[in-house]
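Read-outs throughout are calculated quantities, based only on the coordinates presented, and are distinct from any laboratory measurement. Quantities reported herein were computed from a predicted structural model and do not represent experimental measurements. Using ideal geometry, Cβ is built from the backbone for each residue, glycine included, and neighbour counts are taken over all protein chains shown.
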Number of protein chains: 2
Amino acid sequence: MKSRKLYNRITVLRKERNISRKELAEIIGVNFQTVGYLEREEYNPSLDLAFKISEYFGLPVELIFSTEPLKPLIEEIIELKNKIGGQ
Amino acid sequence: MKSRKLYNRITVLRKERNISRKELAEIIGVNFQTVGYLEREEYNPSLDLAFKISEYFGLPVELIFSTEPLKPLIEEIIELKNKIGGQ
DNA sequence: ATTTTTTGTTGTATATTTACAATTTTTTAT
DNA sequence: ATAAAAAATTGTAAATATACAACAAAAAAT
């Protein structure tokens with residue numbers, strides 16, 4: 001199976017928690033360069049690794065990883081505000 | 001990284017849709033034996049493959065795959081009914 | 001400014017996933 | 001009961017993810 005390119009928000013989420021790649025890597029139990037590869041979207045994680053990341057951030061997989069390029073979080077917020085406000 | 005064993009509900013979901021492994025395999029674009037390996041939980045999918053399966057069934061990844069053994073769907077329903085009824 | 005920490009890059013080795021083929025067993029249909 | 005279809009099993013090859021090391025570049029701290 002030719003794997004599609006996947007997008008993710010690891011960098012932003014990690015920055016919001018103020019931890020380094022090295023720290024995140026230790027928490028999820030991978031080499032710190034592996035986090036680098038993931039953040040640069042040079043390869044896709046296994047489902048198990050995706051789960052570990054999702055568990056650490058306390059977020060569903062779909063909010064972190066996507067088959068479509070991910071909008072900045074701030075844009076997502078604005079869209080949600082519009083949706084609610086426009087009812 | 002030593003990968004944890006993951007559990008999934010592919011077999012049940014597939015049966016509910018009345019399709020064979022071969023058909024599912026064609027839809028998600030993998031070899032039909034690969035579906036077999038996944039259903040027998042002999043190995044974990046990549047995140048991309050998990051996404052393809054989740055897209056086909058129209059369900060979030062977390063409802064199909066889990067790090068914990070998955071209860072039969074019927075039990076989930078009963079638990080949800082109890083939760084709602086007991087308010 | 002310079003030291004320290006973090007991030008990026010490159011290359012190689014290992015582990016895991018996926019493909020594919022051939023055969024056996026089980027289930028379903030007739 | 002028999003045939004046909006589906007699923008399981010086994011083995012090998014390929015592709016991809018992950019580990020790890022060494023070094024360069026960039027950012028942050030002092």
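Taking every alpha-carbon pair under 8 Å whose residues sit at least 6 apart, chain B reaches a relative contact order of 38 percent. Between rounded, prolate and oblate, where does the protein assembly as shown land on the alpha carbon gyration tensor, with a ≥ b ≥ c its root eigenvalues, rounded for a/c under 1.5, else prolate if a/b exceeds b/c? Judged from the Cα gyration tensor, the protein assembly as shown comes out oblate (a/c at least 1.5, b/c at or above a/b). A crude spin-label estimate for the pair residue B:56 and residue B:32, with each label 7 Å from Cα along the Cβ direction, gives 1.2 nm.
Which distances, shortest first and in nm, link residue B:15 to the matching position in the other copies, using label points set 7 Å out along Cα to C-beta? Taking the point 7 Å beyond Cα along Cα→Cβ, the inter-copy spacings are 4.8 nm. Pairs from the list B:15/B:71; A:5/B:5; A:52/A:83; B:5/B:81 with a Cα-Cα gap above 23 Å: A:5/B:5; A:52/A:83; B:5/B:81.
Only helices enter the 222 nm calculation for chain A: every DSSP H run of n ≥ 4 contributes -39,500 (n - 2.57), and dividing by all residues gives -16000 deg cm²/dmol, rounded to 500. In nanometres and ascending order, the distances from the residue B:56 label point to those of the other copies are 3.1 (point 7 Å from Cα along Cα→Cβ).
Taking the Cβ-Cβ separation of residue A:77 and residue B:20 as r and a Förster radius of 45 Å, what is the calculated FRET efficiency to the nearest 0.05?
0.55
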